[in-house]
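Since the structure comes first, as structure tokens, the remarks are kept for the end.
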Amino acid sequence: MDSLWISGPQAPAACLQSEVEADVVVVGAGITGLVTALRLAEAGLKVAVLEARSAGEGNTGRSTGNLYATVSTGLATLRRKWGDGKARLAVQARQEAIEWIDRTASRLGIDCGLRRVPLHQCVISRESPSFEQLRGEHEAALALGLAAQWSEQVEGWPLSPAGVHSLPDQAHFNPYRFTAGLAAAVSKAGGAVYGHSRVIDIDAGEGRVKTPEGSVRAGHIVLATHTPAGFNVLQAEMEVYREYGVAAPLQGDGPADASVWVKDGKHSVRTHRQDGRRYLVIVGEKHKTGEGDPHADHLGRLRDYGRQNFGLGEFTHAWSAQQYTSADGLPYIGRSRHDNVLIATGMGADGLTWGTVAGAVLEDIVRGRDDTPLAELLSPRRFTPVKSARSFAAENATVASHMVGDRVEALRSEEGLADVPLGGGRVLRVDGETCAVHRTREGRYIALSPVCPHMKCHVKWNQSEQSWDCPCHGSRFDTEGRVLEGPALTGLEPRQIGQ
Ligand SMILES: Cc1cc2nc3c(=O)[nH]c(=O)nc-3n(C[C@H](O)[C@H](O)[C@H](O)COP(=O)(O)OP(=O)(O)OC[C@H]3O[C@@H](n4cnc5c(N)ncnc54)[C@H](O)[C@@H]3O)c2cc1C
């Protein structure tokens, strides 16, 4: 079972098997990489896109598909950290990005089910601390020029909220179908899109990226890989989370078309029309990557919520994805410490719209316009010690505790191979060596080094997703040790154990 979005046709993209020259190489074909690539290709530049899987199959195809001018961490916080002028600039850029997506889907005839809908943020219990926060959020939205409305009902939804803050004329869509359409448009505009071409080495000095079977040399390297591939100092500033989604077909009329955030339950719920059916999508159960209860049934809890609150029956889709949140509330978009390497990361739960903003900002930078107010606001080189302090300190304390604590825990562990359950995983000592051991449902052991090649933290077992996840910077590996996502460029080393 996978995401509701990953369906429908996608033109096959060849694997890179030669040495290629381009003006710009874009690594990553999610919404960020493809909006950037399309804008640059349509401006007449020679663009090559390298994607480890297929377009849209990363976090873009596993998001909720909501497009909104606000930010999920709240406009009140954004105003407090950045002041009204900069917060307004960010909100306007996001609103323009929604209009760009809407126009581009129409212009290119991309059938991605985009609908203009309201975004309702509601609180069910008046006693919840979220109630006062939502009132503050409503005031912040009005102060920043958004046409927000306050009410006590989510129109057409079976919810009984104490307060509702609504933004009209936002949007939702199928993000995978949109990116698949963008990939086709990049090729049509003269760009080259390579699939199944994982970048395993980045040489900024030479301006070259390498895949197992080829390489691209380019004047600019855009790392649209969600978090910069390889080592980047910004990784120390970001927190990494996983979140889960489920979808079920609606019987009868169901709720009105809308996107709804139930703030006190921390659920994001939306409708979607696809291939003649209507669905309800529920997203939530967020936790830090590599932390929390490794055995929790996150998807089961979301399904229970859907059954209890919306009378849903059979669930047809289930998925999960990752988020990287910045320390100061805005994403990092622009030049990294190497002038020719551009990045877009730290977009939190709002990266469909930020990724589209990134496309415009990165196009400007490649074309020599570094000094726009937006490029300056979002620059990864900004230094915001006051705005970032709390989150930066907390995150690095967490990383330090994993670096040391997880090693000590493994040394102290008295568990042996027999303690690894069928279909489970444990980090334990085998023949004097610390190993990450998975036991398949058939009883076969697969042993790997537990050391994440990115920054040498120990990985943790993730039962719901059957993966090894690094709690430090979010690299994830499958049971054979292959990279699934995150900054690591290489996999976990295999270990030989007697079975
Ligand atoms: C559960 C959930 C729901 C969300 N819902 C929303 C929402 O409703 N609205 C919203 O705005 N945001 C949402 N987000 C956030 C949003 O999904 C992301 O911020 C956004 O998709 C980021 O897009 P991207 O193109 O930067 O990254 P991705 O879509 O992850 O694309 C990066 C691509 O790079 C590729 N890649 C990585 N490393 C390499 C390499 N070494 N070589 C080649 N290719 C590589 C990957 O395969 C991937 O395809 C949600 C996030 C989560 C976790």
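The values are calculated or read from the model by the stated rules, or taken from the named source; none is laboratory data. The structure presented is a predicted model; accordingly, all values stated were derived computationally and were not measured. Glycine gets a Cβ as well: all are built from the backbone with ideal geometry, and neighbour counts include every protein chain shown. Please note that ligands, DNA and RNA were not included when accessible areas were found on the heavy atoms of the full protein model with its side chains. Shrake-Rupley method; radii C 1.70, N 1.55, O 1.52, S 1.80 Å.
Observations
- So Glu213, is it farther than 30 Å from Glu314 by Cβ, part of a loop (DSSP other than H, G, I, E, B), more than 15 Å from the ligand (Cβ to nearest atom) and not small (Gly, Ala, Ser): no
- The condition (being open to solvent by 30 Å² or more (accessible area, probe 1.4 Å), over 14 Å from Ala349 (Cα atoms) and more than 14 Å from the ligand (Cβ to nearest atom)) is satisfied by just one residue among Gly290, Gly276, Gly300: Gly276.
- Of all the residues in the stretch 132-165, those that are part of a strand (DSSP E or B) and either open to solvent by 30 Å² or more (accessible area, probe 1.4 Å) or in contact with a Ser or Thr (Cβ under 7 Å, 6 or more places away or on another chain) (or both) number 4.
- Selection over the stretch 27-55 of residues that are away from the ligand (no atom under 15 Å from the Cβ) and over 16 Å from Ile221 (Cα atoms) gives a count of 3.
- If you go through the stretch 30-89 and keep only what is hydroxyl-bearing (Ser, Thr, Tyr), in a helix (DSSP H, G or I) and buried (at least 24 other Cβ atoms within 10 Å of the Cβ), you end up with Thr32, Thr36, Thr60.
- Residue check for Thr271: under 20 Å from Thr345 (Cβ atoms), of a type outside the set (A, V, I, L, M) and touching a Gly at 6+ places or on another chain (Cβ under 8 Å): no
- Of all residues in the stretch 302-341, those being within 28 Å of Gly290 (Cα to Cα) and in a strand (DSSP E or B) number 11.
- Enumeration of residues in the stretch 195-229 that are open to solvent by less than 10 Å² (accessible area, probe 1.4 Å) and modelled with pLDDT under 90: Pro228
- Any hit, the stretch 15-26, residues being of a type in the set (Val, Ile, Thr), touching a Phe, Trp or Tyr at 6+ places or on another chain (Cβ under 9 Å) and away from the ligand (no atom under 14 Å from the Cβ): yes
To keep it simple, each residue is scored yes or no on (1) more than 19 Å from the chain's Cα centre (by Cα); (2) hydrophobic (A, V, I, L, M, F, W, C); (3) part of a strand (DSSP E or B); (4) within 11 Å of the ligand (Cβ to nearest atom).
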position	(1), (2), (3), (4)
Ala218	yes, yes, yes, no
Thr227	no, no, no, yes
Val240	no, yes, yes, yes
Gly265	yes, no, no, no
Arg270	no, no, yes, yes
Val283	no, yes, yes, yes
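- Members of the stretch 426-483 that are acidic (Asp, Glu) and touching a strand residue (DSSP E or B) at 6+ places or on another chain (Cβ under 7 Å): Glu465, Asp469, Asp478, Glu480
- Annotation: of all residues in the stretch 341-381 being on the phi < 0 side of the Ramachandran plot and without any contact (Cβ under 8 Å) to a residue 12 or more places away in the chain, the one that is farthest from the ligand (Cβ to nearest atom) is Asp371.
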